[in-house]
Amino acid sequence: MSQVYNYAFVDSQNLNMAIRSHGWKLDYRKFRKYLEDTYQVTKAYMFIGFVDSNSDLYKGLQEAGFILMFKPTLENQAGDIKGNTDAEMVLQAMTDIDNYDQAVLVTGDGDFYCLVEYLGKRNKLAHLLVPSQRNYSALLKNATVEISFVSDLRRQIEYKPYNRRSDSRPQASRATRSSDNNRTQSKKTANKPDGWTPIANQPAQTVANPDNQSTRPKQQSKSNQSSRSQSSSSDKPAGIKTSPKPVIKSRSQNRQKPAGYRKSVA
């Protein structure tokens, strides 16, 4: 299949004003891609009036893939800038007529009716793209060509400013995230000594709560106390004897009984 060379001729002012009347802005980079994918447009001319303060706009349009054809502008007494490019667009389409297979015209201006009819009769018109269905010339409505509307392509070519807060990067799969976590954990434990156990994996120690009687230590049994006393005595050095504690007798025990005393039995 041979290469198709279709050219697009865009009435910039008519396109921009019509789309803004619908309340949204056109992404010219997306629009240029749409022309290429849908109509095999290899070269896209955009006819626009030249204003010194719009240098950034012109640079952006060129980076989007459009060839800009400038027209000098004039400012009237009311301060409005005028730069009609109809004649330049017709002239360029006729000059390049032998260089392209078919043309795509983007305009809703009735001044191009004669160009639409001329290209259509010679099978040189691929499509007529009218910016807005709500407002375009009645002459174009009577043209014997197929018409589409740019305003119907909002979902495909609307300009949406980039939001830094939104994360537009593709999310990693669960398997990828799990693999990354395992790698991070292995790096953390790579230089640890043998037998090292993470704190999270060690058994939790019970802390006694003085307000909770169930956690208070129980009194030691007598057997434990006696064993402690024996152990303490065994720790004394050799040769040291402990004196026995004196036995204290009560006064009743110290009294001497008289001779022949017998305890009476009741």
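The values are calculated or read from the model by the stated rules, or taken from the named source; none is laboratory data. Since the model is a prediction, treat every value here as computed from it, not as a measurement. Cβ placement follows ideal geometry from the backbone for every residue including glycine, while neighbour counts extend to all protein chains displayed.
How many residues does region 49-77 contain that are outside any helix (DSSP H, G or I) and modelled with pLDDT of 95 or more? So that I can check it myself, show each step before the final result.
Here is the first cut: in region 49-77, the residues outside any helix (DSSP H, G or I) are 49-51, 65-77.
Next, only the ones that are modelled with pLDDT of 95 or more stay: 65-69.
Residues meeting the conditions: 5.
Within region 30-42, the set of residues being surrounded by fewer than 17 Cβ atoms within 10 Å (Cβ to Cβ) and in contact with a Phe, Trp or Tyr (Cβ under 9 Å, 6 or more places away or on another chain) comprises 30, 40, 42. The residue of region 47-81 that is surrounded by the fewest Cβ atoms within 10 Å (Cβ to Cβ), among those that are under 21 Å from residue 102 (Cα atoms) and more than 35 Å from the chain's Cα centre (by Cα), is 68.
The residue that is modelled with the lowest pLDDT, counting only those in region 78-115 that are among the aliphatic types (A, V, I, L, M) and in contact with a strand residue (DSSP E or B) (Cβ under 6 Å, 6 or more places away or on another chain), is 81.
Can you go through 130, 116, 106, 145 and tell me which one is farther than 19 Å from residue 31 by Cβ and crowded, with 19+ Cβ neighbours inside 10 Å?
Selected residue: 116, the only one of 130, 116, 106, 145 that is farther than 19 Å from residue 31 by Cβ and crowded, with 19+ Cβ neighbours inside 10 Å.
When region 6-44 is filtered for residues that are in a loop (DSSP other than H, G, I, E, B) and not small (Gly, Ala, Ser), the ones remaining, listed by number, are 22, 24, 25, 27, 40. The residues listed here are 27, 52, 11; of these, the one that is acidic (Asp, Glu) and out of contact with any helix residue (DSSP H, G or I) (no Cβ under 8 Å at 6 or more places or on another chain) is 52.
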